[in-house]
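Working notes for the structure below.
All of the numbers you see were taken from the coordinates with simple rules; none came from a lab. Quantities reported herein were computed from a predicted structural model and do not represent experimental measurements. Glycine gets a Cβ as well: all are built from the backbone with ideal geometry, and neighbour counts include every protein chain shown.
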Amino acid sequence: MILSTGSVRLFLVMLFCLPVLNLQAGNPVNRDGSAPLQDLENELKLIARQVLLNDTVPVKMELNKTLTERLKTILQREDSYEYGFDSLETISKLAPADKSFRIFTWLIRDKTGYHIYNGLIQRKFTGKDGKTKIVVIPLEDNVEKDHTLETSIHENGRWFGALY
């Protein structure tokens, strides 16, 4: 039986994603992010390590999509704002002294050393009604690296990707 490239990729994604996403039989992590933060952090930790360490770039890219969407969902929870996510060792987490926002950054790299950077910004707002709202802004590494980079301003869709 001869498999197409697409079939092989799908098989590899399923092979590497399913064990990561089904952490414990009988105790699945809720897809909506409503499980305890420690359980969600453990799920993210496994996915993030595979994004960094997996040998196959297409698998890394699929896992990265999963990681980005899961982390975005989890960061939208109000109780996540003060949570440290300390076991996410492959994801950089920084916040200014006033804790007005947090930035999460990570990378995908291939065997040639090429890097794709990823990130999310988490901000907490208090509305006019006094209610707290968490906003998560995805960062897309789409800036062409040129000599005016240091003096130009970009939006989140044209972020200068890096680990912070």
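Start at zero, step by 10 Å, and the Cα-Cα distances of segment 50-90 spread as 27, 45, 24, 4 percent across the bins. Rounded to the nearest 0.05, what FRET efficiency do H115 and L46 give with R0 = 22 Å and r taken as the Cβ-Cβ distance? Could you check? For H115 and L46, the calculated efficiency is 0.55. Using the structure shown, list the pairs from K72/K131; K60/K131; K60/K133; K65/K128; K45/K128 with a Cα-Cα distance above 27 Å, or answer none. In this structure, K60/K131; K60/K133; K65/K128; K45/K128 lie more than 27 Å apart at Cα. If the segment from S87 to D39 were pulled out straight at 0.36 nm per residue, it would be longer than the present Cα-Cα gap by 16.1 nm.
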